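Data block below; observations after.
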Amino acid sequence: MSKIPLEGFSALEDQDCEDVFELASAIEDDELSRMDKALIRVIEDLVMLLVDKNQIRFTDLPVPVQDKILARQKARKSLQPQLDILPEKESEQLIL
């Protein structure tokens, strides 16, 4: 896209330009959202690692943060049976 007319290209109407910018913005927002979700999981794992190693106490975190972490862990635990694709016991291993 260019503000300067170029040979061999047709000009876009103002509405077309707005549509292109909206689409580009939506794609960027989607990518940032995916990255944020991955980062949230990393931060959650880091917090739990620090708690497990007694570097911080879970109760030292602000209550809203505790609530969010607990809610995510509860949701993940409820989804766990759907996410388990490999057997837990060696005798139940898949034969490939």
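Of all residues in region 28-60, count the ones that are under 10 Å from the mean Cα position of the chain (by Cα) and not in a helix (DSSP H, G or I).
Result for region 28-60: 0.
Find all pairs meeting these conditions: Cβ atoms under 8 angstrom apart; at least six residues apart or on different chains; first residue within region 40-51 and without any contact (Cβ under 8 Å) to a residue 12 or more places away in the chain and among the β-branched types (Val, Ile, Thr); second residue loosely packed, with under 12 Cβ neighbours inside 10 Å and outside any helix (DSSP H, G or I).
From region 40-51, the pairs are Val51/Arg57.
Do any residues in region 61-80 that are closer than 18 Å to Leu46 by Cβ have Cβ atoms under 9 Å from those of residues that are at pLDDT 85 or above and outside any helix (DSSP H, G or I), where the two are at least six apart or on different chains, and which pairs are they?
Close Cβ pairs satisfying both conditions: Ile69/Leu61.
The values are calculated or read from the model by the stated rules, or taken from the named source; none is laboratory data. What you are looking at is a predicted structure, and each value in this text was computed from that prediction instead of being measured. All Cβ positions, glycine included, derive from the backbone under ideal geometry; neighbour counts span all protein chains shown.
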